[in-house]
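Structure first, then comments.
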Amino acid sequence: MSYTVPKKIVLIAASTGGPGQIEKIIKALPKLNDTSIVIAQHMVVGFMDSFAKRLDEDPTNNIFIANDKTYLKSSGIYVCSGSTRVSRDSNGLIFSKKDSSLNSFNPDINYIFNSFLPFTKEIEFLSVILTGIGADGIEACKALQENGSLCLTESQQSAIVDGMPSRARKEIKDIKILDIKEIIQTIKEFCS
């Protein structure tokens, strides 16, 4: 079976304080058409399924856990965990996932987001760094922006924890800085 590759993908990175922000984004989305959302929210493994279930309470769009050998369909929302990456096979874009003690985060945002770099010539990307501690995702968002993707981060006033957004503002040249309401509006417009 062959799966259509989406024309657009939104990559969302978050850590501490992220679940509530992500829930606001997902609830505000229109019905996705040829656009997929990939969520990398730092979380303890045992809570990932319940987080996905909570997001799936809004029936507008389908929520999937990006398990090993899950295909990225053209209008879905995918929640990642572990060491997850995307590659292409003869049927489309496919996630591969393994649990790894080498990565200090669950999931490893840089690992996931960097795996999308080979597809920046054919897919339009919007990468978003939300609230969180540390710098996971900064390196990958910088690389995505250098390859033509639009990158957003939360403002200091909007972020529940300003670690990741602060690093993004310092390290990613010309990153757009928006509060959560403006981020939601930008994602909605991107998905339209």
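The values are calculated or read from the model by the stated rules, or taken from the named source; none is laboratory data. Keep in mind that what you see is a predicted model, and the values were worked out from it rather than measured. A quick note on method: Cβ atoms are made from the backbone with ideal geometry, for glycine too, and the neighbour counts reach across all protein chains shown. When the accessible area is computed, the model is the full protein with side chains, heavy atoms only, and any ligands, DNA or RNA have been set aside. Shrake-Rupley method; radii C 1.70, N 1.55, O 1.52, S 1.80 Å.
Placing R0 at 30 angstrom, the Cβ-Cβ distance between Lys27 and Ser90 gives a FRET efficiency of 0.25 after rounding to 0.05.
Give, as a single signed number, the net charge of other residues whose beta carbon lies under 15 Å from the beta carbon of Asp58, with Lys and Arg counted +1 and Asp and Glu -1.
Surrounding charge for Asp58 is +3.
The amide H of Leu72, built 1.01 Å from its N in the peptide plane, has Leu93, Ile94, Phe95 as neighbours under 5 Å, considering only residues 5 or more places off or on other chains.
Under the criterion of Cα pairs below 8 Å and six or more residues apart, the relative contact order for the chain equals 24 percent. Surface analysis of the range 1-116 yields an accessible area of 44 Å² per residue, using protein heavy atoms and a 1.4 Å probe. Say the cut-off is 30 Å between C-alpha atoms; which of Lys53/Lys170; Lys27/Lys97; Lys97/Lys181; Lys98/Lys181; Lys31/Lys69 go over it? Checking Cα-Cα distances, Lys53/Lys170; Lys97/Lys181; Lys98/Lys181 exceed 30 Å. Rounded to the nearest 20, the size of the Cβ-charge dipole of the range 47-192 about its Cα centre is 200 debye, with Lys and Arg at +1 and Asp and Glu at -1. Placing dummy labels 7 Å off each Cα toward the beta-carbon, the span from Lys188 to Lys7 is 2.1 nm. Converting phi to 3J(HN,Hα) with the Karplus coefficients 6.51, -1.76 and 1.60 and the offset θ = phi - 60°, the range 44-61 yields 5, 3, x, 9, 4, 5, 5, 5, 4, 5, 5, 5, 7, 5, 8, x, 5, 9 Hz in sequence order, with x at every glycine or proline.
In the chain, the DSSP-assigned H stretches of four residues or longer account for a calculated mean residue ellipticity at 222 nm of -8000 deg cm²/dmol, using -39500 (n - 2.57) per stretch and the full residue count as denominator.
Projecting label points 7 angstrom from Cα along Cα→Cβ for Asp68 and Leu150 puts them 3.7 nm apart.
With K and R counted +1 and D and E -1, the other residues having a Cβ less than 13 Å from that of Leu117 yield a net charge of +1. For the chain, the fraction of 1.4 Å probe accessible surface lying on carbon and sulfur atoms is 50 percent.
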